[in-house]
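Enquirer: Dropping the structure in here first, questions after.
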Amino acid sequence: MTKTRKTTVCIIGSGPAGLLLSQLLANEGIDSIVLDRQNRDHIEGRIRAGVLESGSVDALIDAGVGARLQKEGLPHSGFDLAFDGDRHRIDLLGLTGKQVTVYGQTEITRDLFEKRFEEGGQFYFEVEDVVPTDLDTNQPSVRFTHCGETIDIQCDFVAGCDGFRGVSRHAIPGDTLNTFERVYPFGWLGVLTECPPVSHELIYANHERGFALCSMRSETRSRYYLQTAATDTVEEWSDERFWQELKTRIGPESAADLIEGPSFEKSIAPLRSFVAEPMRYGRLFLAGDAAHIVPPTGAKGLNLAIADVQILSRALIEKIKRGNDQYIETYSATCLGRVWKVERFSWHMSMLLHQFPEHSGFEKKMQRAEFDYIATSEAASKAIAENYVGLPLD
Ligand code: FAS
Ligand code: PHB
């Protein structure tokens, strides 16, 4: 027995992309149903991004979910690059007139869920066997099972916001979809600890033993990362080993200010660059990690997802409310134009700041020379800064 429901936009995935899209459509009186294979607690509990571009902050405020962000978010006007103990501050505000804001993705997801539930948003959690169908017709549908029942959502549009391991991308025929990928030969071990951060701004450090990043979630909660071998497991990294390695990589000057404490979240994430083209197939539109992945070195993954959704919501609203196909037709090209620039920046920051097993002395000299160039050239620093605060939407 299949239960049928109707909506205007079926959104697969309830991470930041799917939630923000649902909110932006609701703000225009457009209904949607959001599916996720996880439940709300699991989604809210995922520890991921931490830095918001100024454009992302504006988007969340305009969507009506920025109150806590404005109160609790930490504005940052710069960050440090460190190379074997030498430091150079990238003066974001001085070079671009813009800042970034430190505010965890967990908080954004929580703010979006609260708003969606306040307004009666339609969700199905813990769904299975999700299959988008008839995407190349004007009456697509999404079939799935939920609590043992088969449900068919008939809709006008399908938004694939189901992340890198979702199903939406795979609904695009193989002879239409092109993918591009680079997997990096290392991972990031991330730790959360209830201790004040070592510095009031972020520190991205390249040390001969590997990359380290000092970040934060608040003035009392720190977020640290270490480059690890791709095969490392969390079990191999005790807190003691983690702190010792972090102090070595950030150098004695910063280490002297480091306050250590027990970790309450510890995980290792793989790093890859990935893009799927096109980001549209008929009535299916991919947004966020479903279409692209960036190494977190440039703090871009979440920001790119928010940018896609701003472009997609404009396209759907123009089509649904005003019958205007213009932005629907240009959706994929508009997103990909920006996606590839952000992929480049994230790849560039990763190549600059990590130790690569295959690198010879020459490549290490190139990394150091690039750091010295950035540290002595306003133009080179500005190039980093304008990408870090966020490129124009389109
Ligand atoms: P998400 O992956 O967040 O959400 C997709 C949703 O779809 C999930 O809730 C999933 O359960 C659901 N889903 C998947 N398959 C489904 C199916 N078949 N049916 C229904 N639902 C399905 N970015 C940064 O900027 N900085 C960082 O430090 C950073 N760290 C990261 C660490 C990790 C371990 C990961 C995986 C990503 C990290 N990112 C980081 C990137 C991250 O923030 C993403 O860019 C962001 O979550 C993208 O949001 P979405 O596109 O909504 O995808
Ligand atoms: C984080 O705080 O999680 C963070 C910050 C900057 C990055 C990546 C992750 O580039």
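The values are calculated or read from the model by the stated rules, or taken from the named source; none is laboratory data. These figures come from a predicted structure and were not determined experimentally. For neighbour counting, all protein chains shown are included, and Cβ atoms are generated from backbone atoms with ideal geometry for every residue, glycine included. Accessible surface is based on the protein model in full, side chains and every heavy atom, while ligands, DNA and RNA are left aside. Shrake-Rupley method; radii C 1.70, N 1.55, O 1.52, S 1.80 Å.
Enquirer: Can you pull out the GluC sites (Glu not before Pro) in segment 303-394 whose DSSP state is coil and whose Cβ has at most 14 other Cβ atoms within 10 Å?
Expert: Glu358
Enquirer: State to the nearest 20 debye the size of the charge dipole of the chain about its Cα centre, where the only charges are +1 on K and R beta carbons and -1 on D and E beta carbons.
Expert: Its charge dipole is roughly 440 debye.
Enquirer: Which translational diffusion coefficient, to the nearest whole µm²/s, is obtained for segment 1-159 from the Stokes-Einstein equation, given a Kirkwood hydrodynamic radius over C-alpha pairs, 4 °C and 1.567 mPa s?
Expert: Calculated translational D: 74 µm²/s.
Enquirer: Nearest 10 degrees, 0 to 90: what angle lies between the long axis of helix 105-118 and the longest principal axis of the chain (Cα atoms)?
Expert: 30
Enquirer: Which value in nm describes the separation of the simple spin-label points at Phe117 and Ala230, placed 7 Å from the Cα toward the beta carbon?
Expert: Calculated label separation equals 4.0 nm.
Enquirer: Moving on. In straight Cα distance, which lysines are under 25 Å from Lys321, not counting same-chain residues fewer than 8 positions off?
Expert: Once the sequence-local lysines are set aside, what remains near Lys321 is Lys6, Lys115.
Enquirer: Along the charge dipole of segment 110-218, pointing to its positive end and built from +1/-1 on Cβ of Lys, Arg, Asp and Glu, which listed residue (Gly148, Val198, Val127) has its Cα farthest out?
Expert: In segment 110-218, that residue is Val198.
Enquirer: Okay, moving on. If you keep only loop residues by DSSP, which GluC sites (Glu not before Pro) in segment 213-295 have at most 13 other Cβ atoms within 10 Å of their Cβ?
Expert: Glu219
Enquirer: What angle, in degrees between 0 and 90 and rounded to the nearest 10, separates the Cα long axis of helix 301-322 from the longest principal axis of the Cα atoms of the chain?
Expert: Tilt of helix 301-322: around 30 degrees.
Enquirer: Most mobile of Leu316, Leu52, Leu21 per a Gaussian network model of the chain (Cα springs, under 10 Å)?
Expert: It is Leu316.
Enquirer: Of the residues His200, His359, His76, which exhibits the maximal mean-square fluctuation in a Gaussian network model of the chain defined by a 10 Å Cα contact cut-off?
Expert: It is His359.
Enquirer: Now a separate question. Over segment 302-394, what percent of the accessible surface lies on carbon and sulfur atoms, probe 1.4 Å?
Expert: Roughly 58 percent of what the probe reaches on segment 302-394 is carbon or sulfur.
Enquirer: Now a separate question. By how many nm would the segment from Gln38 to Ala256 grow when fully extended, if each residue of separation counts as 0.36 nm and the alpha-carbon distance is taken off?
Expert: 74.3 nm
Enquirer: A 29 angstrom limit on the alpha carbon distance is what I want to check against. Which of Lys98/Lys341; Lys341/Lys365; Lys98/Lys364; Lys319/Lys341; Lys300/Lys365; Lys98/Lys247 exceed it?
Expert: Those over the limit are Lys98/Lys364; Lys98/Lys247.
Enquirer: Give me the tail of P(r) for the chain as a percent: Cα-Cα pairs with distance above 40 Å.
Expert: Here the long-distance tail beyond 40 Å is 17 percent of all Cα pairs in the chain.
Enquirer: Next question. Can you give the three extents of the C-alpha atoms in segment 114-181 along their principal axes, from longest to shortest, in whole Å?
Expert: 41, 26, 24
Enquirer: If you wrap a convex hull around the C-alpha atoms of segment 86-225 and split its volume per residue, what is the figure in Å³?
Expert: Cα convex hull per residue, to the nearest whole number: 238 Å³.
Enquirer: Carbon and sulfur together cover what percent of the accessible area of segment 148-231 at a 1.4 Å probe radius?
Expert: 47
Enquirer: Another question about this same structure. Per residue, how much accessible surface does the chain expose to a 1.4 Å probe? Answer in Å², no decimals.
Expert: In whole numbers, the chain has 42 Å² accessible per residue.
Enquirer: Now for a separate question. Could you check how much of the accessible area of segment 1-100 is carbon and sulfur, as a whole percent, using a 1.4 Å probe?
Expert: 45
Enquirer: Could you state the angle between the C-alpha long axis of helix 326-353 and the longest principal axis of the C-alpha atoms of the chain, as a value from 0 to 90 degrees rounded to the nearest 10?
Expert: Taking the Cα atoms of the chain, the angle to 326-353 is about 20 degrees.
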